[in-house]
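Beneath this line is the structure, given in structure tokens, with notes to follow.
No value in this document is a laboratory result; all are computed from the given coordinates. Just so it is clear, the structure is predicted and the values come from calculations on it, not from any experiment. For neighbour counting, all protein chains shown are included, and Cβ atoms are generated from backbone atoms with ideal geometry for every residue, glycine included.
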Amino acid sequence: MENKEVLQKRPFSRRPLIRLVAVVGSVLLFASGCSAASTTADDGGEAAAPEKIEQVVITFVGPEAAEAMTPVIEAFEAKNPHITVEYESVPFSDLNALLQSRVGSGDSDPDVFTADQPRIAALVDQGLLLDITSEVGDITGVVIQSSLDASTVDGKLYALPISTSTQVLYYNKALLDAGSVEYPSISPSDRITWEEVRADAVAAQSAGAEFGLMWDQVNRYYQLQPLMESMGGGSGIGPDPLEINVTSDSWVSAMTFYGDVFESGLGARGVPPAETQGMFAAGQIAFFVGGPWWMPLFQGSEGLEFGVAPHPYFDGGEEVTPTGAWSWGINPNSDNPEEALAFLKFAALDPEGALATAQGFPLPPANLATFDSYYSENQSLEGVAGLISYELENTSRIRPRTVGYVQFEEFMGVAFEDIRNGSDPLTALQQAEEAILQAWSRIG
Amino acid sequence: MPVSNEAVSGRTKHSSAPRSPSKVTQNLLAAILFLAPAILLMFLFRLVPIATVAWDSFRSSAGQWVGLENFVFLLGSPSFRDSLSATLIFNLIVNPIQIALAFLLALAIVDGARRPGLWQSLNLMPVAVPLAVSAIVWGVAMRPDSGILNSLLAAVGLPNQAWLTSPEQALWSIVLIASWVGVGYWALFLVAGLHQVDHSLLEAAKIDGAGYLRTLFSIRIPLIRGTLGFVLVADTVVNLLLFAPVQMLTRGGPEGSTSFVMFDIYRNAFVFRDLPLAAAETFLLVLIVTAIVALQFRFMKPEGAKK
């Protein structure tokens, strides 16, 4: 055994300096990862040999699986035989780091990339998105207004909205029946309040449900913003983009409600966002706030009878739902900005192209003309389409547009998780505010 | 294991035969050739990165020289100070526990087990599971409402514990997760070390009337001092750089109780894209690790080996 031999030599009694360097070296293995900063393999656009003289290859990076992009890419290539689109799928968690290192270092690849809407302001601030205002023109009324707003910075358009999102309240019929709880209506005019949901959840739980109430992305800002908004606390940012107020009475009240859900055992602690849907699908939760994209999962869950109702609001408060998803933008260093723009316009604005985009996507399209056909073709959303449209038109609230969004989202997530685990809401929010202000002092 | 390579290269060969100058040159050349790949790799993957990190830590995101600005920011930052203290507290707890348990386990395998091979294999099984996977499994097991650990506690009449969701217990839960892998792994080295102890010495001690404990403390432990030293240093380095369970299970919480420096570096580098700050933090961590390891070297140096 080699180890025995090695150990017998008493490695640490000799040459401490060299060994020190070796140990330090192992630390630096990390450092190399840090400074190389996700320079992901570059399988660039040059690979494909030009078949015709004018053949152009544009590269495209996004978080969706390659199959999700196939319909729109095929439809676009059929109409534009001289352009080839090469798609590269990157995990969401790596996407921003990759864009920063590739686009940020002046690389012309990728030509097109997906931009998380609340991060667009920061991307623009760093010069990573091409201004396409004059090339695209006025598209008011073509796409959902909130998505258009989310893609616009200082009156200039930097990306085209592709998809949008909303949240609904799912309920487990069997668990509600057991607690003699009336099913909530799907009609937005009969929207129930958080107070009612909590009371019903308590009834369902005391009648046997493992958990009464859970949120899908249980500790994320996207999911919880409507609580504070409905309470009148605003988004937490503004009016200046780097002005924060998350310690107001409204915020504390909303977070006290949220914390109580877990303190009382209605909601589950220690479960990460990726595992909550499975719990509802398994019949463990009476009320579940989640995205309509979970419909197919729940419909396919054996023994689960569920219904859908509008996202709740606080009694006497505003009716607010979360929204926002993906826009697609162009790399300012792109060698083929015209072709990239043609692809973007096709995917986002052309009704045929937008429908092809929507076909592969799990999220509703941002293109208004595509809306109806998307829902009529998407069997799983039958009966819910009207509710989704209503929320997108009337109650949706985008996340704050600020260059400091990433830091804001990260530390709010920390605060939400702490409150869920029983921390005092005001203290947790104050700590988050301090951490965010400190992180923001590094911007600009 | 970087250290093992060093240990191998630390071997000395003594030869009494006189050498001609040409032979010496030849040997030197051969030595250089043999060492070249290792030195080159060390240069490329260890020294170049440290230089890069040092360089980056004195610059802004735009690449301008900013002197000590990044370090001043870090040292003035409460979150960095909290991370540092969480990391040090964690290490003060986890290292003695892991090494003590690993040593007891190694003794049990060497002295007590009927089928040491089988026990050693069982003992190593957690090492075969990637840390990311075991972190997820532990996360599910530690769920306060429905986790298997609380079910086990309930079965013996003990109350539910909050595990990773409590600021008081999260650090200990991470100690448990890290030790589940660590103890078996480090015991492997100690088993090897204990096997190396010359049997005739143990027999001589027995004849002289030394009991088990006396033999253990006066003969076996001093003789495996080198192995223990290696385990101490390597374990400390591993735990100072522990990252996966924190990133996957607690993200530094609750209330910052597991916000170790490695996680803070990750957040600055890969979430906030503040590379200069992450570089400065990495540089400080390297200095801290180096200082701690240097101290450990000092204490582990056998008496009489001062020169």
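Observations, loosely collected:
- Amide hydrogen neighbours beyond the local backbone of A:ILE83, cut-off 5 Å, H modeled: A:VAL56
- The protection proxy used here, the mean number of other Cβ atoms lying within 10 Å of each residue, ranks peptides A:419-426, B:104-111 as follows, highest first: A:419-426, B:104-111.
- Volume of the Cα convex hull of chain A, divided per residue and given in Å³: 212
- Estimated vicinal HN-Hα couplings, Hz - segment B:89-99 in sequence order (Karplus 6.51, -1.76, 1.60; Gly, Pro = x): 4, 4, 6, 5, 8, 6, 5, x, 4, 4, 5
- Stretch gain in nm, segment B:HIS199-B:ALA62, where the contour uses 0.36 nm per residue and the Cα spacing is subtracted: 42.9 nm
- Sorting the segments B:221-233, A:125-137 by their residues' average number of neighbouring beta-carbon atoms within 10 angstrom, most packed first, yields B:221-233, A:125-137.
- Equivalent ellipsoid dimensions for segment A:245-326 as semi-axes, Å, which come from the Cα gyration tensor, largest first: 26, 17, 13
- Spin-label model distance (nm) - A:GLU382 vs B:ILE207, 7 Å beyond Cα toward Cβ: 9.2
- Rounded to 0.05, the FRET efficiency of the A:SER373 and A:GLU67 pair, given R0 = 25 Å and the Cβ-Cβ distance, is 0.75.
- Cα-based convex hull, the protein assembly as shown, per residue volume (Å³, whole number): 210
- For A:VAL153, nonlocal amide neighbours, meaning residues 5 or more places apart or on other chains whose placed amide H falls under 5 Å from its own, are A:TYR158.
- Averaged over the residues of peptide B:248-257, the number of Cβ atoms from other protein chains lying within 10 Å of each residue's Cβ is 5.
- Peptides A:360-368, B:88-96 ranked from most to least packed give A:360-368, B:88-96, packing being the mean of other C-beta atoms within 10 angstrom over each peptide's residues.
- Inter-part distance where segment A:389-422 and segment A:116-138 are each reduced to a Cα centre, Å: 21
- Computed from backbone phi, the HN-Hα couplings of segment B:151-163 come to 5, 5, 4, 4, 5, 9, x, 9, x, 4, 10, 7, 6 Hz, rounded to whole numbers (Karplus: 6.51 cos²θ - 1.76 cosθ + 1.60, θ = phi - 60°; Gly and Pro given as x).
- For the residues of B:140-146, the average number of beta carbons from a partner chain within 10 Å of their own beta carbon is 5.
- R0 of 30 Å, Cβ-Cβ distance B:VAL129-B:LEU104: FRET efficiency to nearest 0.05: 0.85
- Diffusion constant of segment A:241-293 at 20 °C, which comes from Stokes-Einstein with the Kirkwood Cα-pair radius and 1.002 mPa s, µm²/s: 161
- Euclidean distance of C-alpha centroids, segment B:34-65 and segment A:230-249, integer Å: 43
- Each residue of segment A:243-255 is assigned a 3J(HN,Hα), and the resulting list reads 10, 10, 8, 10, 10, 5, 4, 4, 4, 5, 4, 4, 6 Hz, derived from the Karplus form 6.51 cos²θ - 1.76 cosθ + 1.60 (θ = phi - 60°), x at Gly and Pro.
- Environment charge of A:PHE280, counting only residues whose C-beta is closer than 13 Å and scoring Lys/Arg +1, Asp/Glu -1: -3
- Among the lysines of the protein assembly as shown, pairs that are 8 or more positions apart or on different chains and have alpha carbons within less than 29 Å of each other number 21.
- Taken over segment B:78-300, the convex hull of the Cα atoms encloses 147 Å³ per residue.
- Euclidean distance between Cα centres, segment B:116-184 to segment B:227-281, Å: 20
- Average partner coverage of B:261-273, which counts Cβ from other chains inside 10 Å: 5
- Solution diffusion estimate, µm²/s, Stokes-Einstein, segment B:55-147, Kirkwood Rh from C-alpha pairs, 37 °C, viscosity 0.692 mPa s: 182
- Label-point separation, B:ILE93 to B:PHE43 (7 Å along Cα→Cβ), nm: 4.5
- In this label model, B:LEU28 and A:PHE92 are separated by 6.2 nm, measuring between points 7 Å along each Cα→Cβ vector.
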